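Here's the structure we're looking at; comments come further down.
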Amino acid sequence: MHLDHDDAQSRTPAPEAGAADGERRGRHGRSTRGRRVRVLAGGVVAAAVVASVGTYALANPSGADDRREDAAADAAPRAKTPPKRPAVSKSAKYAKQLLVLVNKERAKAGCRALRLDRRVQTAAMAHAKDMAARNYYDHTSPEGVSAGDRMRKAGYSAGAWGENIHKGPKGPKTAMRDWMRSAGHRKNILNCSYKDFGAGVSLKANGPWWVQNFATKR
């Protein structure tokens, strides 16, 4: 895994992730098994439910009973079958599991549990998909769009925010293990001032790509 930090901070309570004094931008790396991880902190800114109806019939040689039953069935109101809900994708399941894993670590540290915010989640998923589609690995898009920008675009006004990204793990437990072993990423996860959370996962062949967003409203 290649552990790689890009750190930036403009104000507290989102501390500088990966920098000792919380106010520098810097990059450093080390090699451990082909995976890459990055962290950013900054701020100003169900399964499918399927209803099935079963019917059965017994043989009736005369056919008379069948005709009476058919007439009665035509006269009776027919129950509507509830529409099927779309199946939950694997990436959506992984995103939910990340929130559970994050809150377990926060509970150990005495921090309140983060709540899922759909707007923060939209921003995280957009970044995971964009990195996978355009094959870049950074907190900031090639156009200079940051996590805070993505949250605002999704309708969330962040007063403080942080972001963890990762490339390569096949499951959420491995991604969380790697983040918790990195001081910068762990600071985002265990920052007790954050209240809202969203995760994005893209399972494209050139990844998988993982994004965690942490935020507190302005």
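The values are calculated or read from the model by the stated rules, or taken from the named source; none is laboratory data. Nothing here was measured: the structure is a model prediction, and the numbers come from that model. Positions of Cβ are generated from backbone atoms using ideal geometry, with glycine treated the same way; all protein chains shown enter the neighbour counts. When the accessible area is computed, the model is the full protein with side chains, heavy atoms only, and any ligands, DNA or RNA have been set aside. Shrake-Rupley method; radii C 1.70, N 1.55, O 1.52, S 1.80 Å.
Evaluate the stretch 108-122: report whether one residue or more is under 18 Å from Lys90 (Cβ atoms), open to solvent by less than 10 Å² (accessible area, probe 1.4 Å) and in contact with a strand residue (DSSP E or B) (Cβ under 9 Å, 6 or more places away or on another chain).
Among the residues of the stretch 108-122, not one is under 18 Å from Lys90 (Cβ atoms), open to solvent by less than 10 Å² (accessible area, probe 1.4 Å) and in contact with a strand residue (DSSP E or B) (Cβ under 9 Å, 6 or more places away or on another chain), which makes the answer no.
For the stretch 194-218, which positions are polar (S, T, N, Q), out of contact with any Lys or Arg (no Cβ under 6 Å at 6 or more places or on another chain) and at pLDDT 95 or above?
Gln212, Asn213
Count, please, the residues in the stretch 151-167 that happen to be under 18 Å from Asn191 (Cα atoms) and surrounded by fewer than 24 Cβ atoms within 10 Å (Cβ to Cβ). Explain how you work it out, then say what you get.
Going residue by residue through the stretch 151-167, those that are under 18 Å from Asn191 (Cα atoms) are 158-165.
Cutting the leftovers down to surrounded by fewer than 24 Cβ atoms within 10 Å (Cβ to Cβ) gives us 159.
So the answer is 1.
Can you find a residue in the stretch 168-180 that is of a type outside the set (Phe, Trp, Tyr), open to solvent by 10 Å² or more (accessible area, probe 1.4 Å) and more than 16 Å from Tyr94 (Cα to Cα)?
Checked the stretch 168-180: at least one residue is of a type outside the set (Phe, Trp, Tyr), open to solvent by 10 Å² or more (accessible area, probe 1.4 Å) and more than 16 Å from Tyr94 (Cα to Cα).
For the stretch 187-212, give me the residue count where each residue is charged (D, E, K, R) and under 17 Å from Met176 (Cβ atoms). So that I can check it myself, show each step before the final result.
Within the stretch 187-212, the subset charged (D, E, K, R) is 187, 195-196, 204.
Going one step further and asking which of them are under 17 Å from Met176 (Cβ atoms), we end up with 187.
The qualifying residues number 1.
From Ser141, Ser182, Ser157, Ser146, grab the single residue that is within 21 Å of Asn103 (Cβ to Cβ) and of a type in the set (Gly, Ala, Ser). If you could, list the steps in order and put the result at the bottom.
On the way: Ser141 fails: within 21 Å of Asn103 (Cβ to Cβ); Ser157 fails: within 21 Å of Asn103 (Cβ to Cβ); Ser146 fails: within 21 Å of Asn103 (Cβ to Cβ).
None of the others qualify; the one that does is Ser182.
Is there a residue in the stretch 126-137 that is over 15 Å from Ser91 (Cβ atoms), charged (D, E, K, R) and open to solvent by less than 10 Å² (accessible area, probe 1.4 Å)? Before the answer, list the steps.
At the first step, the residues of the stretch 126-137 found to be over 15 Å from Ser91 (Cβ atoms) are 134-137.
Narrowing further to those that are charged (D, E, K, R): 134.
Remaining after also requiring open to solvent by less than 10 Å² (accessible area, probe 1.4 Å): none.
The answer is no, given that none of the residues of the stretch 126-137 is over 15 Å from Ser91 (Cβ atoms), charged (D, E, K, R) and open to solvent by less than 10 Å² (accessible area, probe 1.4 Å).
Whether any residue in the stretch 168-183 is in contact with an Asp or Glu (Cβ under 8 Å, 6 or more places away or on another chain), closer than 13 Å to Ala128 by Cβ and part of a loop (DSSP other than H, G, I, E, B) is what I want to check.
yes
Answer yes if at least one residue in the stretch 98-118 is farther than 22 Å from Ser182 by Cα and in a helix (DSSP H, G or I), and no otherwise. Don't jump to the end; show me each part of the working.
Our first condition is that a residue be farther than 22 Å from Ser182 by Cα; within the stretch 98-118, this holds for 115-118.
Within this subset, residues satisfying the condition of being in a helix (DSSP H, G or I) are 118.
Yes, that holds for at least one residue.
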